[in-house]
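Working notes for the structure below.
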Amino acid sequence: MIDLYYWTTPNGHKITIFLEESGLEYTIKPVNISDGQQFEADFLAISPNNKIPAIVDRRPDDGGNPLSIFESGAILEYLAEKTGQFVPPDLRQRWQAIQWLHWQMGGFGPMLGQNHHFKQYAPEKLPYAIERYDKEAERLYGVLDDQLEGKSYIAGDYSIADMATYPWARGYERHGVNLDELPNVRRWLDTMAARPAVKRAYKKAERINTGPTVSSDRSKEILFGQGRRKR
């Protein structure tokens with residue numbers, strides 16, 4: 001039913017977690033972003049921002065032609081609406097889940113990505129940039145820890161907010177974050193890691209790609225050196 005265009009990144013893991021949790025039938029279409037497959041014309045027709053993940057729903061609810069969706073947050077919302085799962089029906093609880101999904105999309109993911117980039121991949125180690133994103137990582141993990149106080153999951157019930165946030169938060173060591181100061185985050189990470197569907201999602205990732213995404217100067221150029229794409 002669902003074709004998932006995927007690579008083994010935090011944003012890719014969000015969608016395999018949802019699909020494993022929901023039981024939807026799906027097929028993974030690997031897009032090796034280190035080799036530049038995200039710039040091929042067939043993929044750009046589905047994901048014009050040349051980023052994974054993207055999906056094609058072969059059986060959309062309106063009965064029409066296959067429907068493509070890009071951007072991981074939009075995909076999670078679409079799949080939640082399609083299945084009626086992982087967004088509570090109650091108005092207030094629903095918007096708790098959605099706003100925390102957008103928190104991840106707008107802040108937690110992008111800021112941690114910059115944190116990792118400037119510490120791991122930047123050719124010049126810029127103290128200002130490293131400190132800037134270390135402080136922002138500290139702040140964002142603190143926000144998450146506060147939100148998880150007294151809760152099993154971010155929005156109360158398990159939801160797309162947890163699926164979006166977990167693949168980024170499990171990289172806390174790369175972000176320079178000490179979980180001793182974040183007991184609620186530590187507990188939640190353990191809870192998420194123990195879910196059978198989460199385990200299955202990461203097992204699938206291991207079968208698709210066993211190496212680092214950024215492994216050479218060529219992969220760095222592909223991932224970090226692209227300007228405007230010429231038509």
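Bear in mind these aren't lab numbers, they're just calculated from the coordinates by the rules spelled out. Just so you know, these numbers come straight off a predicted model, no measurement behind them. Here the Cβ is made from the backbone with ideal geometry for all residues, glycine too, and neighbour counts use every protein chain on show.
Annotations for the structure displayed:
- Spin-label model distance (nm) - residue 170 vs residue 203, 7 Å beyond Cα toward Cβ: 1.3
- Phi angles across region 40-53 convert, under the Karplus curve 6.51 cos²θ - 1.76 cosθ + 1.60 with θ = phi - 60°, into 3J(HN,Hα) values of 6, 4, 5, 6, 4, 5, 9, 10, x, 8, 6, 10, 8, x Hz, Gly and Pro given as x.
- Distances between placed amide hydrogens fall under 5 Å for residue 182 paired with no residue 5 or more residues away or on another chain.
- Estimated vicinal HN-Hα couplings, Hz - region 203-209 in sequence order (Karplus 6.51, -1.76, 1.60; Gly, Pro = x): 5, 5, 4, 5, 6, 8, 8
- Rg in Å to one decimal, and Dmax rounded to a whole Å, for the chain via C-alpha atoms: 17.8, 54
- Dipole-positive endmost among 142, 70, 224 within the chain (Cβ charges, Cα centre): 224
- Checking every one of the GluC sites (Glu not before Pro) in region 14-109 against DSSP loop status and a limit of 15 other Cβ atoms within 10 Å picks out 25, 40.
- Cut-off 12 Å between beta-carbons: net charge of the residues surrounding residue 183, Lys and Arg +1, Asp and Glu -1: -4
- Efficiency of FRET from Cβ geometry, residue 152 and residue 120, R₀ 41 Å, rounded to 0.05: 0.80
- For region 26-65 versus region 93-143, the inter-centroid distance based on Cα atoms is 26 Å.
- Couplings 3J(HN,Hα) of region 176-182, computed from phi: x, 9, 9, 6, 4, 8, 9 Hz, in residue order, whole Hz [Karplus 6.51 cos²θ - 1.76 cosθ + 1.60, θ = phi - 60°; x for Gly and Pro].
- Positive dipole terminus of region 91-194, leading residue within 128, 102, 179 (C-beta point charges): 102
- Length gained when the stretch residue 132-residue 65 is fully extended (0.36 nm per residue, less Cα-Cα span): 19.5 nm
- Residue pairs, from the table 151/204; 51/151; 151/199; 119/220; 14/220; 125/203, whose Cα atoms sit over 26 Å apart: 151/204; 51/151; 125/203
- Tail fraction, Cα-Cα pairs, region 91-194, threshold 25 Å, whole percent: 19
- Cα-centred dipole magnitude for region 91-194, charges only on beta-carbon of K, R (+1) and D, E (-1), debye, nearest 20: 260
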